[in-house]
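Presented below is the structure to which this report refers.
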Amino acid sequence: MMSDMQVIPQAPQPRKIKGLNKRGLITLIGKEVGRYLSVYTQTIVAPVITTLLFYAVFFLALGGMTQTIGDISYMEFLAPGLIMMAMAQNSFANTSSSIVISKVQGNIVDVLMPPLSATELFIGYVTGGILRGLMVGFATGLAVSLFISLSLFSVFYIVLFAILGTMMMSSLGLAGGIWSQKFDHIAAVTNFIITPMTFLSGTFYSIGRLPELWQTVAHYNPFFHMIDGIRYGFTGHADGNTLAGIFLLVIINLILACLCLWMLRTGYKIKS
């Protein structure tokens, strides 16, 4: 006999959202940090010495403190740009070299096999690059302060632009490392993209000295806003709009994050 009891349909159960693999993420960050701290003379000390050499060359070539830009000396103007340049280059180098080395040596599988999502991989690699950039920046700042008194106009802007800049370069290095098949490829990115945009960003000069057309072009260079913003944090002098720089860097970081996440999720050039 069939029961005439009415079957009440059950409400659909909510999907369980996978939580963040904190242990795996911390392990990946520790691996990245330990990788460059194990050779700190190359990854931390060498950039500091290179920056001091740049500083010494410009000091001798331009006659010390006689040149001024606005109401500050040229050497005060130069120091924040050199610090940011060192941070940017090392943030890029950390993520790009980590990925390329893993691909060339064939141990990229050791990172892909653990239960780490694309988001966790992205956070782990980029955090490692940011930390290296900040370490280099702090060490460089201390070294430069031995030769010139560095003022701190706004610690907030220094920290904000340091994080936005190193995050942008770490994300760019991650994308470049995934795209590259060998060290020559990542060297091409460095030589034809990173270095020209860094040297044309107002690191060594005020863009106010450029023709009007090139001043307009410079304002579309994210490297300019990255350096101009941290210079404002140190000296209070800015050639551009710092709020516009923050907005541009946030947008670029979001675009690069989406690109890196797509590469990691699809396994672009790392799973084939």
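Quick notes
- Nitroxide proxy distance, nm - points 7 Å out along Cα→Cβ at residue 185 and residue 247: 3.6 nm
- In this rough spin-label picture, where each label sits 7 Å from Cα along the Cβ direction, the residue 39-residue 60 distance is 2.9 nm.
- Rounded if a/c under 1.5, otherwise prolate or oblate - the chain, Cα gyration tensor axes: prolate
- If the segment from residue 262 to residue 143 were pulled out straight at 0.36 nm per residue, it would be longer than the present Cα-Cα gap by 38.9 nm.
- Spatially near lysine pairs across the chain, Cα under 24 Å, sequence gap of 8 or more or different chains: 13
- For segment 157-272: rounded, prolate or oblate by the Cα gyration tensor [a/c cutoff 1.5]: prolate
- Order of 145, 96 - criterion: other Cβ atoms within 10 Å of each residue's Cβ, fewest first: 145, 96
- Highest to lowest packing among 208-215, 220-227, 80-87, scored as the average C-beta count within 10 Å: 80-87, 220-227, 208-215
- The length gained by stretching the chain between residue 254 and residue 199 to full extension, at 0.36 nm per residue less their Cα-Cα distance, is 17.4 nm.
- Net lengthening on full extension, residue 52/residue 213 (0.36 nm per residue, minus Cα-Cα): 54.7 nm
- Nearest-ten-degree value, helix 242-266 long axis tilted from longest Cα axis of the chain: 40 degrees
- C-alpha long axis of helix 118-145 to longest principal axis of the chain, angle in °: 20 degrees
- The residue list 89, 56, 115 was ranked by how far each Cα lies along the charge dipole of segment 41-266 toward its positive end, using unit charges on Cβ atoms, and 115 comes out on top.
Computed from the coordinates by the stated procedures, all read-outs in this text should not be read as laboratory data. From a predicted model like this one, the values you see are computed outputs, not experimental measurements. Every residue, glycine as well, gets a Cβ built from its backbone with ideal geometry; the counts of neighbours run over all protein chains shown.
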